[in-house]
Amino acid sequence: EEIPYTIGIPSTQENLDKILDGQSVERQLLILQRIRLCNHVSFSKENRDKMKRHYTFLFNRLVRLASSPELSTEMIDVLIQPLHELTWDKMGVHALSLFREFLKSMEQKLISPQNGNWGALELIMLRVIGYIWPVSDKRHGIVTPASLLMGQYLFWHPIVTYKDVLTKLYVTNIFLTFLSPAKRFASEPFCFLFSVLDAFTTSSDPDIPMYSPSWNIPPDLLSLQNPRRANTLTHTDQPIHFLLLTGHREKELTDVDRFSRPALIYWNN
């Protein structure tokens, strides 16, 4: 079925989902592009409010897909470029409010004694923030709070399982991409990396400098000399495991692929 050249702005979240669900990645991108171009805010004053609503629908869809147990990075990737274009096409203030509310929810989850661990949703949204907003600014209304949250997560959240280590490694990777362009420094990612390296070390060689780790990683959790732990890394039927989603090796990665494929950590419980 041919896609109409003129597509109105969906009036509800359900209408947007109905338009996009079941479509290929290429067709979804084309549909969203035509919605944005055919209803540009410069055409009518009324379009500004309609595009704000459309941005909210796209944001909610992103959160829903990133929260789904059946994580589909291709469907998530479809939404990134439209959100980026809309953010810098006179939707910045509205986008700022949505991302701020999400960061508040991340903070509440972080300080919650029942569930302080971040899941795939939070990790993906941190990557989205680094893509949409400028990480090179010295201070920014979204990037700066996100950086502070990552530092708090690395420092506060205890390490009990492999999933904790993998999640923190991924957060560290994102954190460093936030710090480098602005030439900022934060101690948390480096202290955590030193603690991980220390946990791998089992040698008592006096020539190896002593290091007092900042994080208490359970003994032998990452020890390479423990065969039981080494076997756990290769078993796919463990209660907790992870997948490194590196994209399709049979084709060259596109710019959108490079966004979400590097190392999204996904686990099944």
Point to revise | Percentage relative contact order, region 10-89, counting C-alpha pairs under 8 Å, at least six apart | key: 32
Exercise for review: For region 113-191, run through the trypsin sites (Lys or Arg not before Pro) and keep only the ones in DSSP coil with at most 12 other Cβ atoms within 10 Å of their Cβ.
Suggested key: Lys138, Arg139, Lys183
Study note, to complete from the structure: Once normalised by the length of region 47-191, the mean sequence separation of its alpha carbon contacts under 8 Å that are 6 or more apart gives a contact order in percent of 21
Exercise for review: Determine, from the Cβ-Cβ distance of Arg27 and Phe185 and an R0 of 41 Å, the FRET efficiency 1/(1 + (r/R0)^6), rounded to the nearest 0.05.
Suggested key: 0.35
**Study point:** Ratio Rg/Rh [Cα only; Rh per Kirkwood] for region 73-128
**Key:** 1.05
Review point. Plugging the Kirkwood radius over Cα pairs into Stokes-Einstein for region 1-127, at a temperature of 4 °C and a viscosity of 1.567 mPa s, what D comes out in µm²/s?
Key: 83
Point to revise | Cleavage-rule hits (trypsin sites (Lys or Arg not before Pro)) in region 6-61: DSSP loop, at most 15 neighbouring Cβ within 10 angstrom | key: Lys45
Practice item. Might you work out the accessible area of Asp21 for me, using a 1.4 Å probe with all protein chains in place, and round it to the nearest 10 Å²? Key: 80
Check your understanding: Given the protein chains as shown and a 1.4 Å probe, how many square angstrom of Tyr170 are accessible, to the nearest 10?
Key -> 10
Exercise for review: Keeping all protein chains in position, work out how much accessible area His157 exposes to a 1.4 Å probe, and write it in Å² to the nearest 10.
Suggested key: 30
Exercise for review: Can you tell me how much longer the chain between Lys104 and Asn60 gets when fully stretched, taken as 0.36 nm per residue apart minus their C-alpha distance, in nm with one decimal?
Suggested key: 14.3 nm
Revision key, fill the gap. Per the 1/(1 + (r/R0)^6) rule, R0 = 25 Å and r from the Cβ atoms of Ile19 and Ser72, FRET efficiency to 0.05 is 0.90
Practice item. Would you mind checking Lys18/Lys163; Lys104/Lys168; Lys18/Lys168 for any pair whose Cα atoms are more than 30 angstrom apart? Key: Lys18/Lys163; Lys18/Lys168
Revision key, fill the gap. Largest-first ranking of Asp198, Asp89 by accessible area, probe 1.4 Å, whole protein assembly kept, is Asp198, Asp89
Check your understanding: If R0 is 45 Å, what FRET efficiency do you get for Glu46 and Trp156 from their C-beta distance, rounded to 0.05?
Key -> 0.45
Revision key, fill the gap. Sequence order, region 80-86: Karplus ³J(HN,Hα) from phi using 6.51 cos²θ - 1.76 cosθ + 1.60, θ = phi - 60°, Hz rounded, Gly and Pro as x, gives 5, 5, x, 5, 5, 5, 5
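The values are calculated or read from the model by the stated rules, or taken from the named source; none is laboratory data. Worth saying up front: this structure is predicted, and the values here are computed from it rather than measured. Because the Cβ atoms are built from the backbone with ideal geometry, glycine has one as well, and the counts that use them run over all protein chains shown. These accessible areas exclude ligands, DNA and RNA; they are computed on the full protein's heavy atoms, side chains included. Shrake-Rupley method; radii C 1.70, N 1.55, O 1.52, S 1.80 Å.
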